[in-house]
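Visitor: Got a structure for you, written out below as structure tokens; questions coming shortly.
The values are calculated or read from the model by the stated rules, or taken from the named source; none is laboratory data. None of the values given here were measured: they were computed from a predicted structure. Cβ atoms come from the backbone with ideal geometry, glycine included; neighbour counts cover every protein chain shown. Heads up: the accessible areas ignore ligands, DNA and RNA and are worked out on the full protein's heavy atoms, side chains in. Shrake-Rupley method; radii C 1.70, N 1.55, O 1.52, S 1.80 Å.
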Amino acid sequence: MRTQAGTPLRTWDDGRCLTVEAAGVQLLRYVHAADPEPSEAPKPYVHPLRTLAGEAVTDYRPADHLWHKGLQMTASYLSGQNFWGGGTYLRRAGGYTDLDNHGTMRHDGFDAIGTGSFTERLTWLSRGGEPWVGERRTVTASVLGGQVWELVWRTELTGLRDEPLRFGSPTTNGRELAGYSGLTWRGSPAFTGGTVLGPDGRGGAAMMGTAAPWLAFRSRAGTTLVFEGAAGEGGPPTHWFVRSEPYPIVNPSWAFHEEFTLAAGQRLAWDHRVTVVSAAWDARQVAAHLRERAAG
């Protein structure tokens, strides 16, 4: 299906999830009612995320990692708390350990719901129920025409705890090449074994842990997702966490190699964009599209 740029988007919220639809296709379903399992670090998530042709490009609670849920904001290590789900990597233990330390990202309400967009207020609560982080999240979907649409996700975090919060990852705690933390996409099984592309001839496993303005992931069937992630002024740089095997996952990590802190009252922001393409793009096509978007 080829869709015109500016195709009207229908947006509605049923009290549990918010849906965005274009030309009869549900592009995204944003579930803001918390899942009940504490060990999965309850939080809002997008699933399914679909192409304009209706293909689902996200997975939900796969058997290998039940806490992997579509596209979601995460924090694998936050001053000893886990806002990601599953085990926590401990340097002293030399592995992942199941702890009673899972936080919750609580949906506090929408400030605005527009045509293909919403602005949401959230509070990150520790396992003990203490408010640690306030978040303002703005998500906007736009149809670019043809077989392409994009999702822009802006996150603004404000420290609420009296003492500075330390954001880290399994890698900052001693596990190599496991620096995931931040906005994370778990791809549908169709992307397993797919192709990872990057700028300047880079790609594949070489993208793990590197800094680059974008990363693209092409499924075996030819669907392409393009990811961009950047911190605002004062925020830490992002580095890519990506795997094609044994499962597909992408995360522009905000704490891959180094921890960063968020003090009480301090605000940090990140801007992300996911471009969803119902076609098999190569690196040249990705770069050309991004240049065109930057030129306006």
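Visitor: Yes or no: region 115-122 includes at least one residue that is of a type outside the set (S, T, N, Q), in contact with a helix residue (DSSP H, G or I) (Cβ under 8 Å, 6 or more places away or on another chain) and open to solvent by less than 20 Å² (accessible area, probe 1.4 Å).
Guide: So far as region 115-122 goes, no, none of its residues is of a type outside the set (S, T, N, Q), in contact with a helix residue (DSSP H, G or I) (Cβ under 8 Å, 6 or more places away or on another chain) and open to solvent by less than 20 Å² (accessible area, probe 1.4 Å).
Visitor: Here is a further query. Name the residues in region 219-229 that are open to solvent by 30 Å² or more (accessible area, probe 1.4 Å) and either among the aliphatic types (A, V, I, L, M) or closer than 14 Å to residue 186 by Cα (or both), would you?
Guide: Passing the criteria: only 221.
Visitor: On to the next question. List the residue pairs whose Cβ atoms are under 8 Å apart, where the first residue sits in region 230-252 and is under 19 Å from residue 189 (Cβ atoms) and acidic (Asp, Glu), the second is modelled with pLDDT of 95 or more and open to solvent by 10 Å² or more (accessible area, probe 1.4 Å), and the two are 6 or more positions apart or on different chains.
Guide: That search, which allows pairs on different chains as well, returns 245/192; 245/193.
Visitor: Among the residues of region 79-93, write down those that are over 14 Å from residue 251 (Cβ atoms), in contact with a strand residue (DSSP E or B) (Cβ under 6 Å, 6 or more places away or on another chain) and among the hydrophobic types (A, V, I, L, M, F, W, C).
Guide: Across region 79-93, the qualifying residue is only 90.
Visitor: Looking at 51, 104, can you tell me which residue is touching a Pro at 6+ places or on another chain (Cβ under 8 Å) and either touching a residue at least 40 places away in the same chain (Cβ under 8 Å) or over 23 Å from residue 178 (Cα atoms) (or both)?
Guide: Just a single option satisfies the conditions, and that option is 104.
Visitor: With a cut-off of at least 1 residues that are under 14 Å from residue 173 (Cβ atoms) and open to solvent by less than 20 Å² (accessible area, probe 1.4 Å), name the strands (runs of 3 or more DSSP E) lying wholly within region 39-92.
Guide: 71-78, 81-83, 88-90
Visitor: Now for a different question. Restricting attention to region 24-38, which residues are open to solvent by 20 Å² or more (accessible area, probe 1.4 Å), part of a strand (DSSP E or B) and either over 29 Å from residue 145 (Cβ atoms) or of a type outside the set (A, V, I, L, M) (or both)? Show your work before the answer.
Guide: Narrowing region 24-38 to residues open to solvent by 20 Å² or more (accessible area, probe 1.4 Å): 24-26, 29, 33-34, 36-38.
Right, trim to part of a strand (DSSP E or B) and you get 25-26, 29.
If the condition is that a residue be open to solvent by 20 Å² or more (accessible area, probe 1.4 Å), part of a strand (DSSP E or B) and either over 29 Å from residue 145 (Cβ atoms) or of a type outside the set (A, V, I, L, M) (or both), then 26, 29 are the ones that fit.
Visitor: What is the one condition in (1) under 30 Å from residue 157 (Cα atoms); (2) modelled with pLDDT of 95 or more that residue 231 does not satisfy?
Guide: The one condition residue 231 does not meet is (2).
Visitor: So is residue 266 among the polar types (S, T, N, Q), open to solvent by 60 Å² or more (accessible area, probe 1.4 Å) and within 22 Å of residue 77 (Cβ to Cβ) or not?
Guide: Against the criterion (among the polar types (S, T, N, Q), open to solvent by 60 Å² or more (accessible area, probe 1.4 Å) and within 22 Å of residue 77 (Cβ to Cβ)), residue 266 qualifies.
Visitor: So, in region 1-36, how many residues would count as being modelled with pLDDT under 95 and touching a Gly at 6+ places or on another chain (Cβ under 6 Å)?
Guide: Of the residues in that region, 3 qualify.
Visitor: Is there a residue being within 25 Å of residue 233 (Cα to Cα), modelled with pLDDT of 95 or more and of a type in the set (S, T, N, Q) anywhere in region 80-99?
Guide: No, that holds for no residue.
Visitor: Sticking with this structure for a sec: Just one of (1) within 23 Å of residue 121 (Cα to Cα); (2) surrounded by fewer than 22 Cβ atoms within 10 Å (Cβ to Cβ); (3) free of Cβ contacts under 8 Å to residues at least 60 places away in the same chain trips up residue 156, so point out which.
Guide: So residue 156 meets the others, but not (3).
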